[in-house]
Each structure stands twice: as C-alpha cells, then as structure tokens.
Amino acid sequence: MRVKVLGAGIVGLSCADELRRRGHRVTVVDPQPGRGASHAAAGMLSPAGEVWHGESTVLDLGRRSMALWPSYAERLGVPLHTTGTLLVGRDHADLQDVHRQVDLLLGHGATVESLDAREVAALEPRLARVAGGALLPEDHSVDPRAVVAALLARVGTRPDDPEDRFDATVLATGARLPPPYASLVRGVRGEVVRAHSDDPPSRTVRGWVRGQHVYVVPRPDGEVVIGATQEERAGGPPTLGGVARLLWAARELVPGLDEAGLTDVTARDRPGTPDNLPLVGPTGQAGVVLAAGHFRHGVLLAPLTARLVADHLETGHTDPALDPRRLIAPQEENSWT
Ligand code: GLY
C-alpha cells in the first residue's frame, strides 16, 4: 500500500516505521517534525503510575505496549531506563493519595510494593524525608526526543504534495486533528522543565507534595525531567506560575535539585479525548485512519498503536475500545462514506 502519515510525533513516526517494515510505501508529512507533544514528554513508560480510577482499559493497553518496548528500544538503538518508579507522599495527607493508587493497582493485579518512610529513604537517599511510598518495579522510562530522532532517521518526512495519491492516510497530528475530526480531541496543557543534575535520583519519582502532583524523571546522562502541570486549555507559552509550582514541588521532594542547571522549559498540549482513550482505527471515511488522542500515554502506547494501525490497514481488524467511530456522530461519518 501507499500510505501517507500526517504527523511526525512519536505516534505518527512509529506507525510509519511499522508500515515501512511491513513493506508498504510510506510518506510522512509534518512541517515541524517531532516538535509537538513528543518534544515535551518526559518519556515515562508507566502503565501503573499513570492509571487512575475508572481507567482499567488504559492499564491493559499500557501493559500490552510496555511488553513491546524492550525490543522496540533495542531495534531503535535507544536505551531504556529500567530502575522502576517510586511513588511518594510528602506528608500524611499526600500518603493517602499513594495508598489510593496502590489499592487501585493491587485490585488490577499490578506489581507494587508498599514502603514506609525508612524504606523509601534507604531506596532513594536523595529524597527529602517523606511520609511513605510504594515501588512500581515495572514502570520505566525512555528519552522521547531520542526515540523521535531515531525514528525520523529511519522514515524521514516530505513536503505535502496534493498530486500524490495514496491508498490510505493515517492522521496522527496529536491535539490538532484536521476537519472534520478536530472536535474529537482537546488540548490539555502541560509544562515540563528539564535540568542537568550531578546528583539525580536513581529512578523516576512520582510524588504528591501537599496536594501538588509532580514527577521527576532522571536519565543516565544526568538530565532530569520535571513535570507536569495539567490544565484544561490549549496553546500559549509556559507560565511562571505553572513552572514555579513544578519547581517548588520537585525541590521539596529532591532538595539536591537546587543545584541542578536549568536547560529547557516547554509547554505542549496533550491530546485529550472525551473518554480518555486513544482513537486508533477507522473513521468511516474510506482510507482515513486515526492514530490520535493518546492524552498522557503517547510515548508508552506508540509501539502498540503502530501495530494496531498496520494490522487494521492490512486486515481491517480494529480494537473496539479504541475504534474512533465510538465518538464520531453517524451523520458526520455518513457524510464521508
Ligand atoms: N504522561 C505524563 C504527562 O502527561 O504528564
């Protein structure tokens, strides 16, 4: 097949790479490759840490995609950081949030180990004193910018040419879908800070600090990614208030970050959907497929999405939970068929 992929973020590029591997002719179009939400993403491969009440489908999808990541990263030549994730509560009220998350995860059979304050300190001595926490040994991380660079080197991008003819088009433009699909996603703003530390924590730390949620994701080269605010609005630069809240919470948890060198502040829109599940599969318009709406889970779900899109184009199979037609009004769909 000749396939056009619109959008060179981690999801579009993963789809393009999978289709190319399966022998299809793929053209990727994006005026600013890799500069959308993938550029901000911290890269937590965190099926357990990112699941909230009522989102068991996300947990299941995350686990399926996590199982693909080790071989995926190896093929792309990008290291995975496999030291697990620590959930912590700064004070006893914050610890209630950790306990809620642990109970939820245990209910879903996830591997999670509750820790008291002393056990947290022994595991991660760079943390401030916290009330307690839990270890998620199966939640890892990867550098999304490195993944995007590796994928771009494989599949490249081309300017859009209206004369080109394709058998199928994959729409993977994140929070900004073209008409008539634009209203299926909304931008959910997030700010992310990057710094370099000579003394970073040894694993991802996700914490609640007096009700403020923050994560600190270390990389083996000393980069530390601090995220992320979540606001129901799209567009605009990082705000001083958002960045100040992140830095306050991160330094409360990891005091040594005071000495870290600031390298980057980014704000991007997560592609949120009404049911917080991605849109992967047919639209009702012949030959037009969505790979979008991954909300907080684009990096984690990229390899699974790529397989699902390629399988759909080759066999017609669609995962019903992700089928975009669940959110497309029949008249909208019919007007395209
Ligand atoms: N997955 C992390 C975030 O969206 O902030």
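The values are calculated or read from the model by the stated rules, or taken from the named source; none is laboratory data. Because the structure is predicted, anything quoted here is derived from the model rather than measured. Positions of Cβ are backbone-derived with ideal geometry, glycine not excepted, and every protein chain shown enters the neighbour counts. Keep in mind that these areas ignore ligands, DNA and RNA; they rest on the heavy atoms of the full protein, side chains included. Shrake-Rupley method; radii C 1.70, N 1.55, O 1.52, S 1.80 Å.
General remarks:
- Residue ID - nearest to the chain's Cα centre (by Cα), chosen from residues in the stretch 322-337 that are open to solvent by 10 Å² or more (accessible area, probe 1.4 Å) and at pLDDT 95 or above: 323
- Cβ pairs under 8 Å, 6+ apart, first in the stretch 293-320 and farther than 13 Å from residue 43 by Cα and among the hydroxyl-bearing types (Ser, Thr, Tyr), second within 16 Å of the ligand (Cβ to nearest atom) and in a loop (DSSP other than H, G, I, E, B): 305/278; 305/294
- Taking the criterion of being open to solvent by less than 20 Å² (accessible area, probe 1.4 Å) and either away from the ligand (no atom under 16 Å from the Cβ) or more than 20 Å from the chain's Cα centre (by Cα) (or both), the residues of the stretch 203-230 that qualify are 209, 222.
- A count restricted to the stretch 150-202 and to residues that are assigned to a loop (DSSP other than H, G, I, E, B), open to solvent by 50 Å² or more (accessible area, probe 1.4 Å) and over 30 Å from residue 219 (Cβ atoms) stands at 10.
- Any hit, the stretch 91-101, residues being outside any helix (DSSP H, G or I) and away from the ligand (no atom under 16 Å from the Cβ): yes
- In this structure, residue 311 qualifies as under 30 Å from residue 63 (Cα atoms), away from the ligand (no atom under 16 Å from the Cβ) and surrounded by 16 or more Cβ atoms within 10 Å (Cβ to Cβ).
- Under the condition of being within 16 Å of the ligand (Cβ to nearest atom), part of a loop (DSSP other than H, G, I, E, B) and either among the hydrophobic types (A, V, I, L, M, F, W, C) or out of contact with any helix residue (DSSP H, G or I) (no Cβ under 8 Å at 6 or more places or on another chain) (or both), the residues counted in the stretch 282-308 number 2.
- Any chance residue 292 is small (Gly, Ala, Ser) and in contact with a strand residue (DSSP E or B) (Cβ under 9 Å, 6 or more places away or on another chain): yes
- Checked against (1) over 30 Å from residue 221 (Cβ atoms); (2) within 16 Å of the ligand (Cβ to nearest atom), residue 65 passes all but condition (1).
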